[in-house]
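The values are calculated or read from the model by the stated rules, or taken from the named source; none is laboratory data. Predicted model, so just to flag it, every value in this text is computed and none were measured. Methodologically, a virtual Cβ is constructed for each residue, glycine included, from the backbone with ideal geometry; neighbour enumeration extends over all protein chains shown.
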Amino acid sequence: MSEDQKIFVPSHPLPAARTGLLTDFDPGTRTLEAGFQIAPQFRPLPVDVVFEKDVAVELRDGVTIHVDVFRPVGVEKVPVIVAWSPYGKGQGTSASVIGVFGLVGLDNSVVSGLEKFEAPDPAYWCAQGYAVCNPDIRGVVDSEGDSVLWDRQEGRDCYDLIEWLAEQSWCSGKVGMSGTSYLAVSQWFTAAEQPPHLAAINPWEGVSDVYRDLVMRGGMPDTGFAQQLQDGSFFGKNKKEDILAEAARYPLMNELWENKIPAFDRITVPAYIVASYSNTLHTAGTFRAWRRIASEEKWLRIHNGQEWPDYYDEANVEDLRRFFDRYLKDENNSWETTPRVRYSVLDLEGGDQVGVPADAFPPKDVVSTKFYLDARSRTLTTDVPAGESKAGYDVAANPNAVSFLTRFDQETVMVGYPKAHLWVEAEGADDMDLFVLVQKLDAYGTPLQAFTVPNQSAMAHDFTDHGATILRYKGSDGRLRASARHLDETLTTDDVPAHSFDRVQKLSPGEIVEIEIDLFPIGLAFHPGEQLRFIISSRNLLGTLMPAIREYVGANTGKHVIHTGGQHASYLQLPIQDLERSGSARRTDGPR
């Protein structure tokens, strides 16, 4: 059983940097009057708000957690939005959260400081007739029990909280969930438990498979962010799950990891999902969940930036309110006419398209097109090279990469899922960690990139030259350990390969093997004369997703050989839009 496979270590109290003005345990109910400001840099409350602090809620197994509730003053019953995460419910005014806002270039005045990190702001939602519930989840701060990390246990716990909230005298009986990152992941797990009073969810970028997205992407033990998450978030009085030890002990897919994948087919509530192309932690998981959840009423919006500025953007908050007004207040506001998909097309030169409507993702006018690698000319071509050839690199040399180019002579737009289908060989080794990247070049061969956040300072450049990928977009990347190449036939599609990660298939000397690598979804425009570069390397081409995270180094020795043409026709498959069919439907909401 997966419960027997879990490993726990002692937790620790909140450090000073994670402590906010409302962290201290102080049960009771008070009213915060309109104009109340928790600290000078934060937004004042626009209305009177009832603040119930450290309310005890007992879960089904007898564990007691504590929640803060912010709700409008008055006798009218209101729906409530839950923000489920291990980030302390009083951390909105902590030095760490203030610092994160500074990192991305957000002014703290856009929020009241009463919100949890990455969560809905009570200042806005109470003024719109909603309550907000901020829990300290199992094992966190003053709540009892041992904490777990992204697990079906969290779904059961949040189920119990939702049903408790629905019974409160001030609650209308309708409960929703919202938030980014961890708060998005917890929504998949909770919705899969089908609590009767959960009426709608709003996952705003988050992983949906702990093994594939967090600890073993591509079959590689890249646990730098998992360590930051484990060490820097689960503060409490008891024990916390040691996912690093679990990843080391169980490197293959097993029941432990299966229970850290939500039961997508049981998620049936209305869902407004927000994604981006650029978050190297969240992108794959958000799109996976979008594809696989069973909800008939589901919407996807793909923005062109980073999730925190996007989440607190005034227009986006209003858009979310329309969704919640429809499903938490039963207002007939024509939300259902909202396009099921609104996507972005990046051009990395200041002319992004956003809010492009579609019925599906990829849009129906997209054709998956094979661009074949030619090792002799180092080009990509839509025709299979007649003769076989190969290109390679010594993993210890500089360069330890090979790349292939193609130039577009007309406007070309890619929207959807790229993948790489490669024939590879390891010389002097029985395995290989491969990293791939689709990069846009201008007409002169200069790589194009774009910041995803308002902060474009000198320090932001320093952070993002190598690493801090969530702050700066450099292209669509993928990775795979060759011995993990076995495909899960039930999940793999022609556009998106999915690996089973349940076996190790080492390479024999001289053996040429066929592998498929999924790359992150893409929305990218190429103007006439611009080029696409496809890179294959033994090193992580992008670096870490955030500053100060330990970077994974590929487990490589010897030489990597890429075979092309003839019987070993390696190719890059790209989602090319038929612009003649789609031209009239596209619109631009302005540059980034």
Original post:
Is it true that Thr23 is in the same structural domain as Gly206 (by TED's automatic domain parsing), within 21 Å of Glu307 (Cα to Cα), surrounded by 14 or more Cβ atoms within 10 Å (Cβ to Cβ) and within 30 Å of the chain's Cα centre (by Cα)?
Top reply: no
Original post:
Out of Leu106, Leu114, Leu45, which single residue is buried (at least 19 other Cβ atoms within 10 Å of the Cβ), assigned by TED's automatic domain parsing to the domain that holds Glu314, at pLDDT 95 or above and farther than 26 Å from Met546 by Cβ?
Top reply: Leu45
Original post:
So is Leu59 assigned by TED's automatic domain parsing to the domain that holds Ala127, buried (at least 18 other Cβ atoms within 10 Å of the Cβ) and either at pLDDT below 95 or closer than 20 Å to Gly139 by Cβ (or both) or not?
Top reply: yes
Original post:
Pick from Val185, Val141, Val175: which is assigned to a loop (DSSP other than H, G, I, E, B), at pLDDT 95 or above and buried (at least 24 other Cβ atoms within 10 Å of the Cβ)?
Top reply: Val141
Original post:
Among the residues of the stretch 276-298, is any closer than 19 Å to Pro120 by Cα, assigned by TED's automatic domain parsing to the domain that holds Gly206 and of a type in the set (A, V, I, L, M, F, W, C)?
Top reply: no
**OP:** Working only within the stretch 496-521, note down all residues that are surrounded by fewer than 21 Cβ atoms within 10 Å (Cβ to Cβ), assigned to a strand (DSSP E or B) and among the aliphatic types (A, V, I, L, M).
**Re:** Val513
Original post:
Somewhere in the stretch 540-556, is a residue over 25 Å from Thr286 (Cα atoms), touching a residue at least 60 places away in the same chain (Cβ under 8 Å) and in a strand (DSSP E or B)?
Top reply: no
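Results for (1) under 24 Å from Trp204 (Cβ atoms); (2) among the polar types (S, T, N, Q), shown as yes or no for each residue.
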residue: Lys240; (1), (2): no, no
residue: Glu255; (1), (2): no, no
residue: Ala263; (1), (2): yes, no
residue: Ala271; (1), (2): yes, no
residue: Val274; (1), (2): yes, no
residue: Ala284; (1), (2): yes, no
residue: Ser295; (1), (2): yes, yes
residue: Asn304; (1), (2): yes, yes
Original post:
Which residues, counting only those in the stretch 223-239, are in a loop (DSSP other than H, G, I, E, B) and over 20 Å from Glu258 (Cβ atoms)?
Top reply: Phe234, Phe235, Gly236, Lys237, Asn238
**OP:** Would you please list the contacts, defined by Cβ atoms under 8 Å and residues six or more apart or on different chains, that run from a residue in the stretch 488-509 that is aliphatic (A, V, I, L, M) to a residue that is surrounded by fewer than 17 Cβ atoms within 10 Å (Cβ to Cβ) and assigned to a loop (DSSP other than H, G, I, E, B)?
**Re:** Ala498/Asp488; Ala498/Leu491; Ala498/Thr492; Val504/Leu252; Leu507/Asp430
Original post:
Do we find that Asp477 is on the phi < 0 side of the Ramachandran plot and surrounded by 21 or more Cβ atoms within 10 Å (Cβ to Cβ) in this structure?
Top reply: yes
**OP:** Determine, yes or no, whether Val269 is crowded, with 19+ Cβ neighbours inside 10 Å, on the phi < 0 side of the Ramachandran plot and under 18 Å from the mean Cα position of the chain (by Cα).
**Re:** no
Original post:
Could you say whether any residue in the stretch 204-215 is of a type in the set (D, E, K, R), farther than 22 Å from Val553 by Cα, at pLDDT 95 or above and part of a helix (DSSP H, G or I)?
Top reply: no
Original post:
For the stretch 247-260, does any single residue satisfy the condition of being among the polar types (S, T, N, Q) and more than 23 Å from Val100 (Cα to Cα)?
Top reply: yes
Original post:
Has the stretch 277-291 got any residue that is over 19 Å from Val496 (Cα atoms) and crowded, with 21+ Cβ neighbours inside 10 Å?
Top reply: no
Original post:
Residue check: is Ile98 buried (at least 24 other Cβ atoms within 10 Å of the Cβ) and touching a residue at least 24 places away in the same chain (Cβ under 8 Å)?
Top reply: no
Subject >> Qualifying residue in the stretch 479-486 (condition: under 17 Å from the mean Cα position of the chain (by Cα), under 20 Å from Gly285 (Cα atoms), assigned to a loop (DSSP other than H, G, I, E, B) and not assigned by TED's automatic domain parsing to the domain that holds Leu252) >> reply: no
Original post:
Out of all the residues in the stretch 522-539, which are within 23 Å of Ala498 (Cα to Cα) and in a loop (DSSP other than H, G, I, E, B)?
Top reply: Ser538, Arg539
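Yes/no matrix, rows are residues, columns are (1) at pLDDT 95 or above; (2) part of a strand (DSSP E or B); (3) more than 30 Å from Leu348 (Cβ to Cβ):
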site: Leu256; (1), (2), (3): yes, no, yes
site: Pro262; (1), (2), (3): yes, no, yes
site: Val274; (1), (2), (3): yes, yes, no
site: Thr286; (1), (2), (3): yes, no, no
site: Glu296; (1), (2), (3): yes, no, yes
site: Pro309; (1), (2), (3): yes, no, no
site: Ala315; (1), (2), (3): yes, no, no
site: Leu320; (1), (2), (3): yes, no, no
site: Tyr327; (1), (2), (3): yes, no, yes
